[in-house]
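Read through the structure below, which is laid out as structure tokens, and then see the notes.
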Amino acid sequence: RVLREAEELGDIARAAGRPLSGEMRMSVIPTIAPFLLPRFLPKLRADYPDLKLYLREEPSGPACEGLHNGRTDCVLLALPFSCGEVATAELFDDPLHIAFPEGERAPAEVPVDSIDETRLLLLEDGHCLKDHALAACNRPELRAEAVMFGTSLHTVVQMVDNGLGITILPQMALDAGILDHTGIVSRPLAAAEAVRGIALVWRRASPREADFRLLADVLVAAR
């Protein structure tokens, strides 16, 4: 970590007078990366061509560990999640939706108490979206024997499309077309807890806070 902080100071010195330039390492969780990065990266390259942004896709736990040990400079993740003592830029809310096979009847907004948790397909342990989904259903205690778990949202969607159950998806995945060419429909969840917060976090002592806040602005503009 000490070495990385020295490198950060060197980056700042080399980039004096040029915001968001030099090298930066960012971890992104898997339930954000494939949906937001295709819109974010072209805009970032256009606005800040002198920045070399190196990306690492990993779950929230390892990403926060890498942040604190200096392996990465900032993390794009979903809240609520405890990442320790960090500085946080809250970017935007990402509502959660229930997704189910076409042909099943459902109201315009689905009450969480109407969800059959025995049909619920979620991501495996280590993905915070699983915890957000269970919290939205008011079932944070639900254990593996009651649900089936997938390794990625795309895998879970294929399971739903083949009639194996239902799942909960974030709005950004829907906006990115994750349900295109499937027989799946989605409805918003009727619950105040049915939302995750997208945020950028970094070490509180980092000398690059101004750069991270500029990066946060680009992420919001690209949503």
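Approximating the spin labels as points 7 Å out from Cα along Cα→Cβ, the THR118-to-HIS181 distance works out to 3.5 nm.
The label point for SER152 and the one for THR88, both projected 7 Å from the Cα toward the Cβ, are 2.9 nm apart. Working from the Cα coordinates of segment 37-139, the gyration tensor eigenvalues give, after taking √(5λ), semi-axes of 33, 19, 12 Å in decreasing order.
Its Cα centre serving as origin, segment 92-223 has a Cβ charge dipole (Lys and Arg +1, Asp and Glu -1) of approximately 380 debye.
Once the Cα atoms are used to define both axes, helix 209-222 deviates from the longest principal axis of the chain by about 40 degrees. Lacking any other cysteine beta-carbon closer than 4.7 Å, the following Cys residues of the chain have no compatible partner: CYS74, CYS128, CYS137.
Between the alpha-carbon centres of segment 178-223 and segment 28-76 there is a gap of 12 Å. Taking the C-alpha atoms only, the angle from helix 2-14 to the longest principal axis of the chain is near 70 degrees. Length gained on full extension, ASP47 to ALA108, computed as 0.36 nm times the residue gap minus the Cα-Cα distance: 18.0 nm. With an a/c value of 1.5 or above and a/b larger than b/c for the gyration tensor axes a ≥ b ≥ c computed over the alpha-carbon atoms, the chain is described as prolate.
Ordering VAL110, ALA199, VAL160 by Cα displacement along the dipole of the chain toward the positive end leaves ALA199 in first place; charges were set at the Cβ atoms of Lys, Arg (+1) and Asp, Glu (-1).
Within segment 94-195, the ratio Rg/Rh, alpha carbon atoms throughout and Rh by Kirkwood, equals 0.91. Only Lys, Arg, Asp and Glu carry charge here, each on its Cβ (+1 for the first two, -1 for the last two); on that basis the chain has a dipole of about 640 debye about its Cα centre.
3J(HN,Hα) along segment 42-47: x, 5, 4, 5, 5, 7 Hz, from the Karplus curve 6.51 cos²θ - 1.76 cosθ + 1.60 with θ = phi - 60°, whole Hz, x for Gly and Pro.
Bear in mind these aren't lab numbers, they're just calculated from the coordinates by the rules spelled out. Just so it is clear, the model here is predicted, and its values are computed rather than measured. Positions of Cβ are backbone-derived with ideal geometry, glycine not excepted, and every protein chain shown enters the neighbour counts.
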